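Working notes, beginning with the structure itself.
The values are calculated or read from the model by the stated rules, or taken from the named source; none is laboratory data. Bear in mind that the values here come from a model prediction, so they are computed numbers and not experimental data. Here Cβ is always computed from backbone atoms with ideal geometry, including for glycine, and neighbour counts include all displayed protein chains. Heads up: the accessible areas ignore ligands, DNA and RNA and are worked out on the full protein's heavy atoms, side chains in. Shrake-Rupley method; radii C 1.70, N 1.55, O 1.52, S 1.80 Å.
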Amino acid sequence: MRSLALTLMAIMAWNGPSAGQSLPQDVADALAEEAGIPAATAGRVTADFLDFAVAGQRVTGGEAPTARSDAWHVGSLTKSMTSTLAARLVEDGLIEWTSTIGEVLGPSVPEMQEDWRDITLAQLLTHAGGMDANMGFIRSVILLQRPREAYVRAALSDQPLEAPGGFLYSNAGYVVAGAMLEAAADAPWETLITSEVFEPLGLESAGFGAPQGDALEGHRPGLFGGLRPAGQGTRSDNIPAMGPAGRVHLNTEDMLRYLRAHLLQDRGFLSEESWDMLHSAVGPQNYAMGWGVGEDGTLVHSGSNTMWYAVAYIDPAAGEAVFVAVNSGDLDQVAGPVDEALRALLSAPPD
């Protein structure tokens, strides 16, 4: 087995790919040889270039190799997609960034705590609403097969954990934001994001929950070491109500197309004002709408449902974006190698 560190050191001094291979293939191969990573994908995109590769097995110990068409669960990378949907609906005049929870959801949630009523859509999408991260395990189990409305009613019946205006990363806040979009457009979030984001950008592989059928599987740490496949049942992903916060899957090519739209700020898809809103950092953590923002204007976010791990990085100044994903959520094992893989991709000379 090759050492990932040594392999990536060689890649970072890159003068060309391995014989017959591309840089993303070298990176994906190196990742998939790491213990605890059954399969990996790596890709780069610019205005006129898109390249990606996959490596490894769909299921640990299995014999089916991953395919270029396989979908990867992207976890919280869904958040920028929900924010992008919000921008589309704002441009359509169906909702405003300053629309409040009370204005949009008040009539349907009579048990709403008063402190939530003045929290805006923009605050929820930048984690500035003061809402707790999640509902908790027991309440999530209770809400497993219940509609998003039940999750939202439960979240809004609690008091804020912190005062609004700071930064408190919140999956629950994104679920409430998704419910606001549903109410404004009178359609489920899944329908809206498909018609307003996936279809206009040509993301034909995008779907919800764990990939199904002849597909990759996510993996959890085993009770006695190693990994165990997550399967494709109800426990293979977050509960359905959490869609707006982290339940999208799609193949690597489509993910790179999505990143290209953000990289180039596609004016045929959104206005300059909307792109600026989506990418502008606010608050103490320099968080935009689904993106962490670097001092140099780079955008980055990771995502995991505890069974997969994915990271996207956009560098507007360099004119490129990269994406890396693995089908294991054991962050102690995969976070470091994925970070090294991103650095290797970003070290490559311009195409």
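Give, as residue ranges, the strands (runs of 3 or more DSSP E) completely inside segment 279-351 that count at least 1 residues that are farther than 23 Å from A39 by Cα and touching a Phe, Trp or Tyr at 6+ places or on another chain (Cβ under 6 Å). Passing ranges, in order: 299-303. Residues that are open to solvent by less than 50 Å² (accessible area, probe 1.4 Å) and in contact (Cβ under 8 Å) with a residue 24 or more places away in the chain within segment 211-233 comprise P211, A215, L216, E217, G218, H219, R220, L227, A230, listed in sequence order. Against the test of being more than 22 Å from A42 (Cα to Cα) and modelled with pLDDT of 95 or more, the options P211, P200, P229 yield a single qualifying residue, P200.
Checking the structure you have, find out if any residue of segment 275-292 is in contact (Cβ under 8 Å) with a residue 12 or more places away in the chain, open to solvent by 20 Å² or more (accessible area, probe 1.4 Å) and under 21 Å from A341 (Cα atoms). Looking through segment 275-292, none of the residues is in contact (Cβ under 8 Å) with a residue 12 or more places away in the chain, open to solvent by 20 Å² or more (accessible area, probe 1.4 Å) and under 21 Å from A341 (Cα atoms).
Examine segment 152-166 for a residue that is outside any loop (DSSP other than H, G, I, E, B), open to solvent by 50 Å² or more (accessible area, probe 1.4 Å) and either out of contact with any Pro (no Cβ under 8 Å at 6 or more places or on another chain) or under 10 Å from G129 (Cα atoms) (or both), and state whether such a residue exists. The answer is yes, given that some residue of segment 152-166 is outside any loop (DSSP other than H, G, I, E, B), open to solvent by 50 Å² or more (accessible area, probe 1.4 Å) and either out of contact with any Pro (no Cβ under 8 Å at 6 or more places or on another chain) or under 10 Å from G129 (Cα atoms) (or both). For segment 220-243, enumerate the residues that are in a strand (DSSP E or B) and touching a strand residue (DSSP E or B) at 6+ places or on another chain (Cβ under 7 Å). Selection gives R220, P221, L227, R228, P229.
Q145 falls short of the stated requirement of being at pLDDT below 95 and over 14 Å from N238 (Cβ atoms).
The lone criterion from (1) open to solvent by less than 20 Å² (accessible area, probe 1.4 Å); (2) closer than 29 Å to R343 by Cβ; (3) touching a residue at least 60 places away in the same chain (Cβ under 8 Å) left unmet by L264 is number (1).
Out of all the residues in segment 234-243, which are open to solvent by 10 Å² or more (accessible area, probe 1.4 Å) and of a type in the set (A, V, I, L, M, F, W, C)? Listed by number, the residues that qualify are I239, M242. Scan segment 243-257 and tell me whether some residue there is acidic (D, E) and more than 14 Å from T78 (Cα to Cα). Yes, some residue in segment 243-257 is acidic (D, E) and more than 14 Å from T78 (Cα to Cα).
Within segment 244-253, is even one residue farther than 21 Å from A321 by Cα, open to solvent by 10 Å² or more (accessible area, probe 1.4 Å) and in a loop (DSSP other than H, G, I, E, B)? The answer is yes; a qualifying residue exists. Scan segment 322-341 and give yes if some residue there is out of contact with any Lys or Arg (no Cβ under 9 Å at 6 or more places or on another chain) and aromatic (F, W, Y), otherwise no. No, segment 322-341 contains no residue that is out of contact with any Lys or Arg (no Cβ under 9 Å at 6 or more places or on another chain) and aromatic (F, W, Y).
Scanning segment 172-206 for residues that are among the hydroxyl-bearing types (S, T, Y), open to solvent by 10 Å² or more (accessible area, probe 1.4 Å) and under 19 Å from I239 (Cβ atoms) turns up just one, T191.
Between L256, L270, the distinction of being open to solvent by less than 20 Å² (accessible area, probe 1.4 Å), in a helix (DSSP H, G or I) and not hydroxyl-bearing (S, T, Y) belongs to L256 only.
Check segment 106-118 and report whether any residue there is in contact (Cβ under 8 Å) with a residue 12 or more places away in the chain, under 27 Å from D276 (Cβ atoms) and of a type in the set (F, W, Y). Checked segment 106-118: no residue is in contact (Cβ under 8 Å) with a residue 12 or more places away in the chain, under 27 Å from D276 (Cβ atoms) and of a type in the set (F, W, Y).
Annotation note: of P24, P65, the sole residue that is open to solvent by 30 Å² or more (accessible area, probe 1.4 Å) and farther than 17 Å from A230 by Cβ is P65.
For the residues T120, T78, T84, the requirement of being within 30 Å of G202 (Cβ to Cβ), buried (at least 16 other Cβ atoms within 10 Å of the Cβ), of a type in the set (V, I, T) and touching a strand residue (DSSP E or B) at 6+ places or on another chain (Cβ under 9 Å) singles out T78.
Test R139 against the criterion of being modelled with pLDDT under 90 and either closer than 30 Å to H279 by Cα or of a type outside the set (A, V, I, L, M) (or both), and give yes or no. The answer is yes for R139.
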